[in-house]
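Asks: Mind looking over this structure? Questions follow.
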Amino acid sequence: MRDWLAAGGGDGDADVVVLGAPISKASISPSQAWSTPAAFREALARYPTWDASTGADITGLAARDAGDVEGDRHDPDASAAHRRIEEAVAELAGAAAGGLVVVIGGDNSLTRPAFLGISRRRPQTEWGLLTLDAHHDCRPVTSASANGTPVRELIEGGLPGNRVAQVGIHPLGNAVEHARWALDQGVHVHDLDEVRRYGVEAVVEDALRELRRNGAQALYVDLDIDVVDRAFAPACPASLPGGLFPADLLGAARVLGRQPEVAIADLCEVDAEADVAGITVRLMAATFTALCAGMALREREAPPS
């Protein structure tokens, strides 16, 4: 996978465009998530471009690595980096027309500017948001954007709450007032118990149907790796015991990559400096690989133009 991504290059249209967002100053928990995009690219070397579970050949996709935006390590806060992420995504969305932009974090605060960037590029589109996350990310904003506020900020900024779906919400991961706020806005919440009962693929399909039914024409997918059990995601500052299994996250990524409405995804909340034996960064790279496998199936199954 690393060689496939590195060989893409160029400025032309691509099926998959990758952008690194090395930010961490908006993280509520101390984090060096700025270190992750580079570690992620190295971890891709662990994976082939063939997904045996689906028969998908990722080499059929045109890839482009757009490098990293300037991060926030040398800034007083994340606000300038957020603006850079928004501008970069708005520009790159044109290079992946009909394809997929993938933003590699960095902390989860990147979701708001990345969402704003692509929706600004396609202002006539009715957007929806689907998150895989242990948390609602509906904390009120006190002074500035944080990794616990992007969903609330987007809804308060005009995204209808009934065009937001959340999968994998942890029963011990959220304050009651944040959970009630999400439900009051009409957010479709699919918790861990539901995933355990019906399987992640079925739950993701239900979430997709809800978003389509409420008018979403294009989707932003936020893949917060802390949705996974802490045993498998030790480098996520807010991961918890009892979360999803890695296979759940990979299965969800395959389903989502396959959807023609999914125009952009992010993978976030990993602090590579805090990892143990590369467990979490490799999971992040595997999730990206599964997302691309789904994208390859999308291309294969698309009707002839």
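The values are calculated or read from the model by the stated rules, or taken from the named source; none is laboratory data. Since the model is a prediction, treat every value here as computed from it, not as a measurement. Counting neighbours? That spans all protein chains shown, and the Cβs are built from the backbone with ideal geometry, glycine included.
Asks: Return the residue satisfying two criteria in turn: it lies in segment 39-58 and is of a type in the set (S, T, N, Q) and buried (at least 16 other Cβ atoms within 10 Å of the Cβ), and of such residues it is farthest from V16 (Cα to Cα).
Replies: Among them, the one singled out is T54.
Asks: Among the residues of segment 15-41, what is the count of those that are more than 25 Å from A93 (Cβ to Cβ) and of a type in the set (A, V, I, L, M, F, W, C)?
Replies: Counting residues in segment 15-41 that are more than 25 Å from A93 (Cβ to Cβ) and of a type in the set (A, V, I, L, M, F, W, C) gives 2.
This table checks each residue for (1) loosely packed, with under 14 Cβ neighbours inside 10 Å; (2) modelled with pLDDT of 95 or more; (3) under 14 Å from G243 (Cβ atoms).
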{"position": "E156", "(1), (2), (3)": "no, yes, no"}
{"position": "V167", "(1), (2), (3)": "no, yes, yes"}
{"position": "H170", "(1), (2), (3)": "no, yes, yes"}
{"position": "A175", "(1), (2), (3)": "yes, yes, no"}
{"position": "A179", "(1), (2), (3)": "no, yes, no"}
{"position": "V189", "(1), (2), (3)": "no, yes, no"}
{"position": "E194", "(1), (2), (3)": "no, yes, yes"}
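Asks: State which residue pairs qualify: first residue modelled with pLDDT of 95 or more and inside segment 87-98, second residue β-branched (V, I, T) and surrounded by 21 or more Cβ atoms within 10 Å (Cβ to Cβ) in any location, beta carbons under 8 Å apart, and separation of 6 or more residues or different chains.
Replies: Here the result reads A88/V69; V89/V101; V89/V103; V89/I118; V89/I264; A90/I118, each pair linking segment 87-98 to a residue that is β-branched (V, I, T) and surrounded by 21 or more Cβ atoms within 10 Å (Cβ to Cβ).
Asks: Restricting to segment 158-197, give me the number of residues that are out of contact with any strand residue (DSSP E or B) (no Cβ under 9 Å at 6 or more places or on another chain) and β-branched (V, I, T).
Replies: 1
Asks: What about R64, is it assigned to a helix (DSSP H, G or I), within 22 Å of R254 (Cβ to Cβ) and either within 18 Å of the chain's Cα centre (by Cα) or at pLDDT below 95 (or both)?
Replies: No, not satisfied.
Asks: Among the listed residues A202, A285, A290, A247, which satisfies the condition of being of a type outside the set (D, E, K, R), touching a Lys or Arg at 6+ places or on another chain (Cβ under 6 Å), farther than 30 Å from E156 by Cβ and not in a loop (DSSP other than H, G, I, E, B)?
Replies: Details: A202 fails: touching a Lys or Arg at 6+ places or on another chain (Cβ under 6 Å); A285 fails: touching a Lys or Arg at 6+ places or on another chain (Cβ under 6 Å); A247 fails: touching a Lys or Arg at 6+ places or on another chain (Cβ under 6 Å).
Within the list A202, A285, A290, A247, the selection yields A290.
This table checks each residue for (1) aliphatic (A, V, I, L, M); (2) in contact with a strand residue (DSSP E or B) (Cβ under 6 Å, 6 or more places away or on another chain); (3) under 13 Å from L130 (Cβ atoms); (4) modelled with pLDDT of 95 or more.
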residue	(1), (2), (3), (4)
A253	yes, no, yes, yes
D271	no, no, no, yes
V276	yes, no, no, yes
M295	yes, yes, no, yes
R300	no, no, no, no
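Asks: Ok, one more. Filter segment 262-295 down to residues that are at positive phi and surrounded by fewer than 24 Cβ atoms within 10 Å (Cβ to Cβ) and give me whichever is nearest to the chain's Cα centre (by Cα).
Replies: G278
Asks: Another question about this same structure. Determine the pairs where a residue that is over 17 Å from N108 (Cα atoms) and of a type in the set (K, R), located within segment 142-163, has a partner that is modelled with pLDDT under 95 and assigned to a loop (DSSP other than H, G, I, E, B) with Cβ atoms under 7 Å apart, the partner being 6 or more residues away or on another chain.
Replies: Close Cβ pairs (under 7 Å, with a partner that is modelled with pLDDT under 95 and assigned to a loop (DSSP other than H, G, I, E, B)) do not exist here.
Asks: Same structure again: Being buried (at least 24 other Cβ atoms within 10 Å of the Cβ) and β-branched (V, I, T) is the filter; apply it to segment 210-258 and report the residue that is farthest from N174 (Cα to Cα).
Replies: Checked segment 210-258; the qualifying residue farthest from N174 (Cα to Cα) is V221.
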